[in-house]
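The values are calculated or read from the model by the stated rules, or taken from the named source; none is laboratory data. Just so you know, these numbers come straight off a predicted model, no measurement behind them. Using ideal geometry, Cβ is built from the backbone for each residue, glycine included, and neighbour counts are taken over all protein chains shown.
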Amino acid sequence: MTAPTYIYPAGSAAFPHRGLVGIAGLAPHEIHYMLDEAEQWVELNRQAKKTRDLLAGLTIINAFFENSTRTLLSFEIAGKRLGADVVNMAVATSSVKKGETLIDTAMTLNAMHADAIVIRHASSGAVQLIADKVDCPVLNAGDGQHEHPTQALLDALTIRHAKRNFNGLVVTICGDILHSRVARSNILCLTSLGAEVRVCAPPALMPAEIEQMNVAVFHDFGAALKGADVVMMLRLQLERMQGQFIPSPREYRHLYGLTLDRLATAQPDALVMHPGPMNRGIEIDSNVADHVERSQITTQVEMGVAMRMACLDVLTRRVRGVEGWAMDDAR
Amino acid sequence: MSAAAPLTITNGRLVLPDGSITPGAVRCEGDRIVEVGARVASQSGDRVHDAKGQLIAPGLVDYGVFAIDKPAFHFGGITRAALMPDQSPPLDRPSSVRFAASSGKPDFWVHPLAAATKGLEGEKLAEIALMRDAGARGIATGRQWIGDSGTMLRLCQYAAMLDMTVCTHAEDAGLVGSAVATSGEMATRLGLPAAPAQAEALAIARDLAIAEMAGCAIHFRTVTTAAGLDLVRAAKARGMRVTAGVTPAYFMLSDLATAQFRTFAHLSPPLRWESDRKAVLAALADGTIDVVASGHDPRGPEDKRLPFADSSPGMAGAETLLPLTLTLVRDGVIGMAHAFELLCANPASLLGVGAGKLEAGAEADIAVIDPDRPWIVDSEKMAASAGNTPFDRQPVQGRVSALFKGGAKVG
């Protein structure tokens, strides 16, 4: 594991943001700061007694306007480990669309005096819209096809635990780049940290001008894998495979499935990652996903809780009155 | 109204149909202009308006608006507007056309565009001849492109027979789908559903082929891309009866304006790349674009304070149409007289109405304009029924100081 090596500015200057809406807008040292902050929680989570009362008395609302199991659970556990009162609000998108507007929901949450709100929404930009309307920190747990910043941070933390350095690290992200907020946040995060990012997808699933985000574009998975240090597979949504974007699941596997044979063309110690949930036998084979030395998939889940604990800790320091993080200190 | 004394607007600079701008006056009797020129003087008993050296121009004719919003139109010097059929319910019956045609009188004239198809669904032809006789001044496909080429051909043939212009929205529906942005770096970074800009050229190419086959006049309401404009330019060169329009957003802004998910910049068609914006400027300069219109579409917070993709497209443009078009003059893209052809004469002739020109016999729709007067666009204080403008806080120049509709002073 890499020990923290940076000297950060004191207090809130180390992370002068009210919330976490995206990786865009974060400076590299701010990303490193969050990764370093997460290390203590990685340690704690491995102890028998893994709770603290740091956030005791604070209310955190998880407002998920889109279905989620693992991200919601991860945020809930993170909040509870830190001693916060965590409330989950699951809203079916349809009922919100028919009735209350998103802004009204945001105002309602604000009036309940939450100390932090975690939001997932199916529309790009929805989290920013809410963040502009509420007084407390807002954490983006995924907005449409825009960003999923905590996923990118936990992926970076996972990589940092296995690799010494981000500089020059070759990371191949393969799958439905077009519809993936995970891909966008990871591209922003990893390029910002100095990694060389490749994206690989069939043309129909590749967004236009993605190379402007400082990535190399591949359609040939074999070429994209050559010499890769990290292989990040994205989940393929099955409903997109019924002829609209891809002819069939088996054809997708034929071209883009991560098999042991294909993995052999990457670096011998290449890491395999997946944000989950996986379609085993489609984008990733079971013997790759379960590969003891290579697969980081369960580590990602572990790092997810620690990373979210760090985010909740850092972003509530102002309301908790932590020295150097009070109202006036923040930008 | 007709009993009012004759009107003489004196001491102005006349924007004349021959493209000259000359000092002079205009005299009106009843609702008509009777004399225009340097030697025109008021007669005893006339109402006299001193233009104080400002421009005396025809009232603006706004081709293709989505709402009748009189205070906003009057603020912007607009005396007539062609109303898109996208109303609730759509203008697909003679009765609704007749009602719309009389809805603004006397101080504002609405020229309805008949829905091309029933319910604007793009399938069955609407009763176009009956709507024409009820006051429709053209046919429009609405916010949508007609996807079915067979329907479009039959529409164009019918329009040719009736000698009516078909106004179409040029975006290939298959490529666009649920897109709300133009494919490119901005849409990719924001994660917005996007369609390639070529969707416009595809639609224009097909519609041109069909219009040519049917021999009908076709107007593309907003042409926003270099490829689309090239097709229009080439069609004009070979003598087709084709015209093109645009709204100021497409020569002022690119897709960068959608940063931060600003829904006021959510338009249809979506804002394009900077290279396309420059192509629009070139097409304005060389005459490929005939009409600049507001596309006025006021939308309140219930339509705009939403995540970008869930918000409704459109902007309130009536108040900014004139000053933003005048920026083209100030930047040397077009001359002053050309600006008023784009805003008045060309849209009026497209509608076949006797307006848009300062000449004897024309309707006395006259705007007195200070083209240099500076002001700042403020979405909070607009005359429009909603302040959804991407030009909020922008300093502009050019303001109407007096407006006359049919010889009567407005406001």
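When the test is whether a residue is part of a helix (DSSP H, G or I), touching a Gly at 6+ places or on another chain (Cβ under 8 Å), buried (at least 21 other Cβ atoms within 10 Å of the Cβ) and in contact (Cβ under 8 Å) with a residue 40 or more places away in the chain, A:T158 does not pass it. For the residues A:A38, A:A48, A:A14, A:A63, the requirement of being surrounded by 15 or more Cβ atoms within 10 Å (Cβ to Cβ) and free of Cβ contacts under 8 Å to residues at least 24 places away in the same chain singles out A:A14.
Among (1) surrounded by 19 or more Cβ atoms within 10 Å (Cβ to Cβ); (2) at pLDDT 95 or above; (3) away from every other protein chain (no Cβ under 13 Å), where does A:I246 come up short? Result: A:I246 fails condition (2) only. Looking only at residues in region B:294-320 that are away from every other protein chain (no Cβ under 14 Å) and in contact with a Leu (Cβ under 7 Å, 6 or more places away or on another chain), the one that is surrounded by the fewest Cβ atoms within 10 Å (Cβ to Cβ) is B:P313.
I'd like to know if region B:25-45 contains one or more residues that are buried (at least 16 other Cβ atoms within 10 Å of the Cβ) and in contact with a helix residue (DSSP H, G or I) (Cβ under 9 Å, 6 or more places away or on another chain). No, region B:25-45 contains no residue that is buried (at least 16 other Cβ atoms within 10 Å of the Cβ) and in contact with a helix residue (DSSP H, G or I) (Cβ under 9 Å, 6 or more places away or on another chain).
One line per residue, one yes/no per condition, for (1) under 19 Å from B:N346 (Cα atoms); (2) more than 19 Å from the chain's Cα centre (by Cα); (3) free of Cβ contacts under 8 Å to residues at least 60 places away in the same chain:
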site: B:R32; (1), (2), (3): no, yes, no
site: B:G37; (1), (2), (3): no, yes, yes
site: B:P58; (1), (2), (3): yes, no, no
site: B:L91; (1), (2), (3): no, no, yes
site: B:S96; (1), (2), (3): no, yes, yes
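Could you say which residue among A:Q267, A:Q300 is part of a helix (DSSP H, G or I) and either out of contact with any Lys or Arg (no Cβ under 7 Å at 6 or more places or on another chain) or under 30 Å from A:I119 (Cβ atoms) (or both)? Exactly one of A:Q267, A:Q300 is part of a helix (DSSP H, G or I) and either out of contact with any Lys or Arg (no Cβ under 7 Å at 6 or more places or on another chain) or under 30 Å from A:I119 (Cβ atoms) (or both), namely A:Q300. Looking across region B:243-295, just one residue is under 12 Å from B:T182 (Cβ atoms), under 16 Å from the mean Cα position of the chain (by Cα) and in a helix (DSSP H, G or I), and that is B:Y250. The single residue among B:A237, B:A214, B:A279, B:A257 that is surrounded by fewer than 16 Cβ atoms within 10 Å (Cβ to Cβ) and modelled with pLDDT of 95 or more turns out to be B:A237. For beta carbons closer than 6 Å, sequence separation of 6+ or different chains, a first residue in region A:221-238 that is part of a loop (DSSP other than H, G, I, E, B) and a second that is of a type in the set (S, T, Y), the qualifying pairs are A:K226/A:T265; A:A228/A:T172; A:L234/A:S180.
When you check A:G142 against the structure, is it in contact with a Ser or Thr (Cβ under 8 Å, 6 or more places away or on another chain) and among the small types (G, A, S), yes or no? Yes, satisfied. For region A:168-213, the set of residues classified as of a type in the set (D, E, K, R), surrounded by fewer than 20 Cβ atoms within 10 Å (Cβ to Cβ) and either part of a helix (DSSP H, G or I) or facing chain B (nearest Cβ under 9 Å) (or both) consists of A:E209, A:E211, listed by residue number. Within region A:121-139, is there a residue that is touching a residue at least 60 places away in the same chain (Cβ under 8 Å), more than 10 Å from every other protein chain (Cβ to nearest Cβ), within 21 Å of A:L190 (Cβ to Cβ) and not basic (K, R)? Within region A:121-139 (the criterion being touching a residue at least 60 places away in the same chain (Cβ under 8 Å), more than 10 Å from every other protein chain (Cβ to nearest Cβ), within 21 Å of A:L190 (Cβ to Cβ) and not basic (K, R)), the answer is yes, since at least one residue qualifies. Filtered by the rule that a residue be of a type in the set (S, T, N, Q) and away from chain B (no Cβ under 14 Å), region A:214-243 gives A:Q237, A:Q242. Which residue out of A:E323, A:E283, A:E251 is without any contact (Cβ under 8 Å) to a residue 12 or more places away in the chain and either in contact with an Asp or Glu (Cβ under 9 Å, 6 or more places away or on another chain) or farther than 25 Å from A:A24 by Cα (or both)? Of A:E323, A:E283, A:E251, the one residue that is without any contact (Cβ under 8 Å) to a residue 12 or more places away in the chain and either in contact with an Asp or Glu (Cβ under 9 Å, 6 or more places away or on another chain) or farther than 25 Å from A:A24 by Cα (or both) is A:E251. Can you tell me which residue is surrounded by the most Cβ atoms within 10 Å (Cβ to Cβ) among those in region B:168-208 that are within 10 Å of chain A (Cβ to nearest Cβ) and among the β-branched types (V, I, T)? Restricting to residues being within 10 Å of chain A (Cβ to nearest Cβ) and among the β-branched types (V, I, T), the top hit is B:T182.
Within region B:243-253, no residue satisfies the criterion of being farther than 16 Å from B:T325 by Cα and surrounded by fewer than 24 Cβ atoms within 10 Å (Cβ to Cβ). Looking at region B:371-411, which of its residues are touching a Lys or Arg at 6+ places or on another chain (Cβ under 6 Å) and buried (at least 18 other Cβ atoms within 10 Å of the Cβ)? Of everything in region B:371-411, those that are touching a Lys or Arg at 6+ places or on another chain (Cβ under 6 Å) and buried (at least 18 other Cβ atoms within 10 Å of the Cβ) turn out to be B:A386, B:N388, B:R399. Could you look through region B:63-89, keep only residues that are in a loop (DSSP other than H, G, I, E, B) and small (G, A, S), and pick out the one that is farthest from the chain's Cα centre (by Cα)? This residue is B:S88.
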